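The values are calculated or read from the model by the stated rules, or taken from the named source; none is laboratory data. These numbers come from a predicted model, not from an experiment. Using ideal geometry, Cβ is built from the backbone for each residue, glycine included, and neighbour counts are taken over all protein chains shown.
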Amino acid sequence: MAVPVGGLFALARRATRRRLRILCYHGFALEDEARFRPSLFISPNEFGQRMRHIARAGFPVISLNDAARLLEQDAIDEAPVVLTIDDGFYSTRAVAAPVLAEHGFPSTLYLTTYYVEKGGPILQLAIAYICWKSPLQSVNLSGLGLESAGFAGVVLLDGDKRSELAKELFVAVCETFDSEGRAAFVRRFAERMEVDYEALVASRKLSLLTPEEVAELEASGMVIELHTHRHVLPEGLDDGLREVLDNRASIAGMTGREARHFCYPSGIWSPTRFASLRLAGVKTATTCEAGLARHGADLLALPRILDDLARQPDRVRGRAFRNNRPLPRPGRRREAQGGIAQRLWQLGGRNRPAGAGSLKRYCPGKRGRGES
Ligand SMILES: [Zn+2]
């Protein structure tokens, strides 16, 4: 007997009512960012629709603090949702905060603080954006100061060449220039590529919040939590601890409060990193592993549901319920978990596998280039 798709969603929601859905967002598009990097920026329209759906469907939205307590007490019920936003793009304030306030939804912002203190566009994203945005079909790279790294002469800008060039340039820029030199290079490069860099800076679409804006958000109810200072969590105990403590001190300077919840930058996590988090007194840590959190899960490896425009909606909602693989334990490999998000994501009829690829592209991550 055929079961209506809507009925299946209701059944799945009831079956998973004792599991916690932690949703993950990053940036919100102010202009063309959702076309530039759909895995990182969601359009205001899409985000508004998601929040309206959560409100209409009656999923209780709870704070991360409450969720942690309920998980520990085995008291999760009614399929609650926690809303998390990573990084701290300016658009968090410009786009997301008003929508969340309209619904009265509590939320958590995992803030990486280096670029909050430094200001300006994130270097890696700025280079990638200029490569994507340029109207040119070819460019002469000579005279930009990277000849010694092999960047000279004319290169074509067709197909995948643009993103490849961006990745290679970012590495070379980090290895060649100091902080001031990097900023000067990006200006030269934008001019050469015929992209308006001043407009990019003024739009703040690739920039993070200012310390004053962070303080405003915290005062208005968005809770600011940890995401490391330089957007990397090294495996070594001392280096890992330093990242968390630098981040916490920076956040405390803006909010006056000691942040205790953490999100792994770039989604890169492992039990070998738990020690530095425990030493720092971190209560919970979220990953980019796809799944729902339940009682008994390790609070330092909580799964989430990444919601962005890069994940194609499932054409047939019911398809999400056809496989019967067991729920993953947090920490199992991502490849095995695509079906989990598909099977259990009932919030918007958009069933999609999660992954952290987009974050890795954005983040300096393992290479320690967060200071760039
Ligand atoms: Zn991040």
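Consider region 268-323 and keep the residues that are more than 15 Å from the chain's Cα centre (by Cα) and aromatic (Phe, Trp, Tyr). The one that is modelled with the lowest pLDDT is 321.
This table checks each residue for (1) aromatic (Phe, Trp, Tyr); (2) assigned by TED's automatic domain parsing to the domain that holds residue 86; (3) more than 30 Å from residue 286 (Cβ to Cβ).
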{"position": "135", "(1), (2), (3)": "no, no, yes"}
{"position": "146", "(1), (2), (3)": "no, no, yes"}
{"position": "167", "(1), (2), (3)": "no, no, no"}
{"position": "184", "(1), (2), (3)": "no, no, yes"}
{"position": "239", "(1), (2), (3)": "no, yes, no"}
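Against the conditions (1) within 30 Å of residue 35 (Cβ to Cβ); (2) modelled with pLDDT of 95 or more, residue 160 satisfies every one except (2). A count restricted to region 60-80 and to residues that are surrounded by fewer than 19 Cβ atoms within 10 Å (Cβ to Cβ) and either more than 21 Å from the chain's Cα centre (by Cα) or part of a strand (DSSP E or B) (or both) stands at 10.
Being among the polar types (S, T, N, Q) and assigned to a helix (DSSP H, G or I) holds for only one residue in 142, 163, and it is 163.
So that you can scan it fast, the table gives a plain yes or no per residue for (1) within 12 Å of the ligand (Cβ to nearest atom); (2) in the same structural domain as residue 161 (by TED's automatic domain parsing); (3) in contact with an Asp or Glu (Cβ under 9 Å, 6 or more places away or on another chain):
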residue	(1), (2), (3)
85	yes, no, no
99	no, no, no
109	yes, no, yes
112	yes, no, yes
127	no, yes, no
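Scanning region 225-238 for residues that are farther than 15 Å from residue 270 by Cα and either surrounded by fewer than 17 Cβ atoms within 10 Å (Cβ to Cβ) or away from the ligand (no atom under 16 Å from the Cβ) (or both) yields a count of 1. Residue 151 falls short of the stated requirement of being touching a strand residue (DSSP E or B) at 6+ places or on another chain (Cβ under 6 Å) and either away from the ligand (no atom under 16 Å from the Cβ) or more than 27 Å from residue 36 (Cα to Cα) (or both).
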